[in-house]
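Remarks on the structure that follows.
The values are calculated or read from the model by the stated rules, or taken from the named source; none is laboratory data. Everything numeric in this text was worked out from a predicted model, so none of it was measured. Reconstructed Cβ throughout: ideal geometry from the backbone, glycine too, with neighbour counts over all protein chains shown. Each accessible area value is taken on the protein alone, full model and side chains, heavy atoms only, with ligands, DNA and RNA left out. Shrake-Rupley method; radii C 1.70, N 1.55, O 1.52, S 1.80 Å.
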Amino acid sequence: MTAKRRALFLILPVCLKAATYFVSPTGLDSSIGTMKQPFRTIQHAASRLQAGDSCIIRAGTFRETIRPANSGTASAPIVFSSFPFETAVVTGCDTVDQWTPHDGAIYKAPVDWAVKDVFVSGDYMLWARHPNMPWSADSGFNFMDQPVGTDNQPDSINWNGVTRWEWRRADKWVRKSVHANSWDYFDGAFYGIRGLLDTAREWCRQNDTLYLQPPPGVDPNNALVEAKRRRFAFDLRDRSHIIVHGITIKAASLTLDGASSCLIDKCHITYVKSFFHVTDGFCRDRGNSATVCGGGILIGGSDNIIRNSYVAHSWGDGVTVYGSGNTVYNCVIHDVDWLGIDCAPVALSGRRQTVRRNTLFYSGRANVLFRKTYKSIIDSNHMHSSGYLTSDMGAMYTCCTRLDSTIIACNWIHSSKGYGIYFDNSSLNAEIHHNVFWQCGRPVHLNCGSYNGFVNMYHNTAWDNGRGFRVYGGAPNAEIHSYNNLTQYRAEGTGYTNIPFKYFIRSPEIDTFLVNAAGFDFRPKAGTIVIDSGKYIDGFEHAYTGNRPDIGAYELGGEYWIPGHNWDNGEGPVIFPRQTTAREEWQTADRSAGQFKGISYSIYHGGIITGASQLPTIRCTLRNALGQTILTASLSEQNPVIPTGNLGNGLYFLELSGLPSSPVTAAILIK
């Protein structure tokens, strides 16, 4: 009980007159909202909360959109939090039942709302499409390596109401996803009509009927079938000083449009944006808003924060930021922009935004989209695996924007099918420093156009990329400054006669200057030519240890910074199984000892386990970010260690099963 009291104390505001309401799936809204007599719905509590009040949510699933009636204050925020060591789930789905056989393996059921997503026993089903794609519970990418054509047109299909997703092979852009009524030859896919429902794990809805071909061997009458009905789990529009803490959100999002000083903390949010129609895949010319195409978690208004949270699976953005002074901090965001359009794990616009210490990966186009973004900071992020559906792109992409001294610093950017940082169509006025690039087409590609402005590129390291830095355009008075960068390839300037690529070490043997580039240690080696070879840059505050700055992103003897999220001290979201309570305790990984101590679990079954005989054997499966099994092991009180001495750096997923209910899964970053 001591641990539970401590957890409650940490999340509740200190206010003598504050009220605390409890909500549980077993409660009644006619109750008084105490722990013993809880409410049934979160909204019932939300309509009563005043500044300083809290709503504590017990384990279970809640099918509602929560709209607080009031705002909090800076000294007395309103708090929505899961009960310590329990998982409260708010979902955008309702259940679907009354299934009857339709045709072969296809079932049907009445559904009177516009379905956006379908889940069977928690797994994501695919909208019926042609051509079919391999099913995956974790990814919706359309990997269109071959065009759809008249030579493989399905027979005898009524095409009325079909959706066409069109992909331009010539320039690797996604054009649009629109309604159509006929077959046509194009690169892309067809979606959403009954004639295309021809394989397991597909669905479509027509004429108030949901058609489903479930996974093999599954009768939907004996499984939990859910269909998305609501877009938002929390509606915080125009509210202030509200905290959403430790909530699991599935098949729904949050909107902070017009909100101020609100906080989303330690939440686990998946399937945030459903498939949507868009007439132009290049759709962010005016920046972001509450109605922008592909909006994910909407962080509008001012001075709002989403931090320490996990966001995954979206046909559009992961987090959509606009307004001013908002922050995305210490989050993991992946598998987004399944349409491959102008969306990203983090899509920015507005002023004074901050994107810091996040891990962003697996996106159809960019990792960070920052169009119509001004005087903002994007730093200390680990971005990789971008451009799954397009290649004319950058892991960080902006277009047509005078960035007003935006800073891009101390990021790791790699594994992009396009460029690392791409300033397109007259984008200028930014500072790019102390970044590391590898496995990109180019580290930085500046299309400065014909406008005047500046771009400063200082102290970047570019290792194992396709080509070098490039600047092109025709602005006669643009100031492009490039000092103290380390790269394998010659920098290129087109349309400029005086680009000062100076104090710029270029060598195909760049890895000999670094401690261990293949092992992601990009610090300079003592005694190499990069030491004390840089230029002191007037007006650029940067500490160095020798007579002059070193070349590249790191300084010999300086801080060894590693970007990306850090959940080592328990900052990340915690997911617990139903009916079983588990506590995650994040520690540091001790790879040198050949053991993984990055996470430990204390398992409770209705109380604290004190004897080893009460603890069941727990099966452990460790998978990499691609879902491939790396190792399996059995854990017990006598054998609590997972041997991981041969693991490389990267993101892994640990699954513990053998519990009385669903498995516990946690994301782990070894670095």
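How would you order 455-467, 544-556 from highest to lowest mean count of nearby Cβ atoms within 10 Å?
Answer by packing, highest mean first, reads 455-467, 544-556.
Hey, any idea what % of region 344-494's accessible area is carbon plus sulfur with a 1.4 Å probe?
Carbon with sulfur: 45 percent of the solvent-accessible area.
What residues of region 449-467 lie in the reach of a label at K535, counting those whose backbone N is under 12 Å from a point 7 Å from the Cα along Cα→Cβ?
So the set is 457-459.
Starting with the highest mean, order 28-38, 207-217 by the number of other Cβ atoms within 10 Å, averaged over the residues of each peptide.
So the peptides 28-38, 207-217, ranked by packing, come out 207-217, 28-38.
Can you order the peptides 316-326, 424-434 by their average number of other Cβ atoms within 10 Å per residue, highest first?
For the peptides 316-326, 424-434, the packing ranking is 316-326, 424-434.
State in Å² the accessible area per residue of region 195-257; use a 1.4 Å probe, count heavy atoms of protein chains only, and round to the nearest integer.
For region 195-257, the solvent-accessible area averages 35 Å² per residue.
Summing +1 for each Lys or Arg and -1 for each Asp or Glu, what net charge is found among the other residues whose Cβ lies under 11 Å from the Cβ of V311? Kindly include the intermediate steps, with their values, before the conclusion.
Details: positive: K273; negative: D317, D335.
Summing Lys and Arg as +1 and Asp and Glu as -1 gives -1.
Please name whichever of G300, S260, V244 sits farthest to the positive end of the charge dipole of region 234-317, dipole taken about the Cα centre and charges placed at Cβ: Lys and Arg +1, Asp and Glu -1.
With unit charges placed on the Cβ atoms, the residue in question is V244.
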